[in-house]
Amino acid sequence: MTAARTLATARRVLAQLRHDHRTVALVLVMPCVLIGLVAWMFDGTDVLDRFGPVLVGFFPLLVMFLVTSVATLRERTSGTLERLMTMPLGRADLVLGYALAFAALATVQALVVVAFATWVCGMHVEGPVALMIAVAVLNAVLGSALGLAASALARTEFQAVQLMPAVILPQLVTCGLLMPRAAMPVVLERVSRGLPLTYAVDAMQHIAAGAAWADVRGAVGAMALFTAGALVLGVVTLRRRTG
Amino acid sequence: MGKNESAAPAVRARGLRVVRGGRVVVDGLDLTLPAGQVVGLLGPSGSGKTTLMRAVVGVQTHVTGELDVLGLPAGSPDLRRRLGYMTQAPSVYADLTVTENLRYAATLQGAPRGSVERVLAEVDLASHARDLVATLSGGERSRVSLAVALLGAPDLLVLDEPTVGLDPVLRRSLWDLFARLRDAGRSLLVSSHVMDEAARCDRLVLMRDGAVLADGTLAELRARTGAADAEGAFLALVDAAGAAGAA
């Protein structure tokens with residue numbers, strides 16, 4: 001593994017995104033539209049203040065999971081991955097290169113979405129906004145890492161797209177967004193502790209309510225661990241030799 | 001490079017066996033390819049050419065038996081700097097320009113400055129340097145893919161059907177390029193199912209059903225079969241193998 005090859009991979013993925021204006025536009029505009037809809041629908045209530053930050057954290061995870069799993073599957077099926085595996089490129093170089101590129105895209109996404117939510121829709125964030133953006137970016141890296149690992153399970157684009165609901169939706173149900181975790185059946189509450197989105201939502205809800213770094217560092221630490229674990233899984237499931 | 005390394009055969013296989021999807025695709029293959037030659041790997045579709053090439057470059061799983069490449073076991077990390085591989089389908093990023101594709105691969109290969117311009121000239125694509133690969137024709141894409149394989153100045157080039165879909169003029173210029181690379185001391189393993197390209201190879205390996213049907217110079221194969229060209233020699237050998245199998 002070398003920094004030069006990791007960075008070259010990140011630059012290459014970003015160059016591919018640069019040529020794909022429509023994807024970039026969707027990544028940046030779609031979350032704003034959804035936040036705008038929520039703000040409009042619940043105008044005059046505190047729903048946006050309570051759930052806006054959670055959405056700001058959820059979008060990067062969702063979008064980066066999808067984009068990464070499809071992008072890596074495309075590498076597997078087009079033969080580019082096969083050739084990369086004959087080159088002096090470490091498997092970790094490739095995985096980290098992807099994670100870095102999508103983290104960069106997610107940073108832009110988080111900045112745009114937070115700016116839109118606070119300035120245009122009037123979302124109030126009691127806690128530090130910078131911390132909210134940092135958690136959103138960490139979510140994006142987590143989503144990329146999960147997408148890389150999940151793409152190893154898919155053989156076709158159809159399967160890759162189906163993996164998104166399979167991996168993300170159960171987490172969305174148990175993360176505490178639909179029902180406070182304290183009110184859940186005990187078994188589901190236990191399960192939710194083993195899923196990364198729980199900690200992302202927890203951190204975002206606390207930041208929305210005015211928590212500082214000291215209050216959320218446990219949740220952020222858990223997310224960092226999940227991200228590291230998913231990156232390792234992404235590296236391990238990437239095979240030099242295939243059938 | 002040391003004397004021992006340059007003396008090692010480009011490829012040496014003993015009892016090579018590859019299983020793909022539960023089917024034996026290469027079965028007990030023995031082969032020694034000397035370094036510094038253009039070796040043509042010929043045979044019908046499904047004869048195991050691509051599988052053998054994938055095994056040589058170290059990306060094929062379920063490979064048993066002995067397989068040494070440039071004196072090292074196939075798949076050794078040290079080989080990754082010394083191999084250039086071109087897959088059958090052009091393995092380049094369609095959503096990048098030609099130059100962006102080459103720059104990325106050049107960084108991975110640690111290729112010296114100026115390599116991108118050199119390979120663009122070698123495959124005659126300098127005028128398309130700034131074009132998106134997606135906008136190129138099939139033949140142009142496959143030349144971009146070949147250019148990537150040429151970047152690191154590799155000791156062994158493994159090229160899977162590099163001339164497929166190209167017009168005669170381009171095919172000739174690529175075979176001229178392969179000869180120049182050979183003259184510069186490189187080894188090349190080039191697959192093709194166009195038998196008339198056999199005349200441009202120093203040595204031919206005819207494959208059928210995952211085994212080597214014949215291995216030698218075109219002159220040797222013609223003398224052995226009495227055929228006028230590679231295609232005739234191949235058909236004569238297939239008939240002879242069929243007759244031997246039926247007997």
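The values are calculated or read from the model by the stated rules, or taken from the named source; none is laboratory data. Since the structure is predicted, the reported quantities are computational estimates derived from the model, not experimental observations. Glycine also receives a Cβ, built like all others from the backbone with ideal geometry; neighbour counts cover every protein chain displayed.
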Check off (1) touching a Cys at 6+ places or on another chain (Cβ under 8 Å); (2) under 30 Å from B:T64 (Cα atoms) for A:A200 and give me the number that stays unchecked.
(2)
Residues in region B:155-202 that are over 11 Å from the mean Cα position of the chain (by Cα), among the hydrophobic types (A, V, I, L, M, F, W, C) and assigned to a helix (DSSP H, G or I): how many?
10
Among the small types (G, A, S), assigned to a loop (DSSP other than H, G, I, E, B), touching a residue at least 40 places away in the same chain (Cβ under 8 Å) and surrounded by fewer than 24 Cβ atoms within 10 Å (Cβ to Cβ): does that describe B:A106?
no
Selection within region A:64-89 - within 24 Å of the chain's Cα centre (by Cα) and aliphatic (A, V, I, L, M)
A:M64, A:L66, A:V67, A:V70, A:A71, A:L73, A:L81
Does A:A117 count as farther than 26 Å from B:A111 by Cβ, crowded, with 18+ Cβ neighbours inside 10 Å, away from chain B (no Cβ under 14 Å) and more than 15 Å from the chain's Cα centre (by Cα)?
yes
Could you grab me the full set of residues in region A:53-91 that are over 30 Å from A:M132 (Cβ atoms), more than 13 Å from every other protein chain (Cβ to nearest Cβ) and among the hydroxyl-bearing types (S, T, Y)?
none
Within region A:26-47, residues farther than 25 Å from A:G97 by Cβ and buried (at least 23 other Cβ atoms within 10 Å of the Cβ) come out as A:I35
State all residues of region B:79-99 that are among the hydroxyl-bearing types (S, T, Y) and either over 21 Å from the mean Cα position of the chain (by Cα) or part of a loop (DSSP other than H, G, I, E, B) (or both); if no residue qualifies, say none.
B:T87, B:S91, B:Y93, B:T97, B:T99
Applying the selection to region B:203-247, what residues are under 18 Å from the mean Cα position of the chain (by Cα), exposed (fewer than 15 other Cβ atoms within 10 Å of the Cβ) and in a helix (DSSP H, G or I)?
none
Quick one: which of B:L52, B:L16, B:L41 is closer than 27 Å to A:L73 by Cβ, more than 14 Å from chain A (Cβ to nearest Cβ) and not in a loop (DSSP other than H, G, I, E, B)?
B:L52
When the residues of region B:110-139 are filtered to those that are within 12 Å of chain A (Cβ to nearest Cβ) and at pLDDT below 95, which remaining residue is nearest to B:S192 (Cα to Cα)?
B:A111
Scan region B:55-76 for residues that are under 16 Å from B:G210 (Cβ atoms) and more than 10 Å from chain A (Cβ to nearest Cβ) and report the count.
3
Failed condition for B:R82, given (1) more than 9 Å from every other protein chain (Cβ to nearest Cβ); (2) under 20 Å from B:R182 (Cβ atoms); (3) touching a helix residue (DSSP H, G or I) at 6+ places or on another chain (Cβ under 7 Å), with all others met?
(3)
Please find, within region A:114-147, the residue that is farthest from A:F51 (Cα to Cα) out of those that are among the β-branched types (V, I, T) and in a helix (DSSP H, G or I).
A:V141
Of residues in region B:38-77 being among the charged types (D, E, K, R) and more than 19 Å from B:C201 (Cα to Cα), the one surrounded by the fewest Cβ atoms within 10 Å (Cβ to Cβ)
B:E66
In region B:55-87, which residues are among the charged types (D, E, K, R) and over 17 Å from B:R12 (Cβ atoms)?
B:R80, B:R81
Could you give every pair whose Cβ atoms fall below 9 Å, whose first residue belongs to region B:182-194 and is free of Cβ contacts under 8 Å to residues at least 60 places away in the same chain, and whose second residue is crowded, with 23+ Cβ neighbours inside 10 Å and among the β-branched types (V, I, T), counting only separations of at least 6 or pairs across chains?
B:V194/B:T163
Determine which single condition A:F42 fails, assuming it passes every other condition in (1) closer than 30 Å to A:L178 by Cα; (2) touching a residue at least 24 places away in the same chain (Cβ under 8 Å).
(2)
So A:L111 clears everything in (1) without any contact (Cβ under 8 Å) to a residue 40 or more places away in the chain; (2) within 30 Å of B:G84 (Cβ to Cβ); (3) not acidic (D, E) except one condition, right? Which one?
(2)
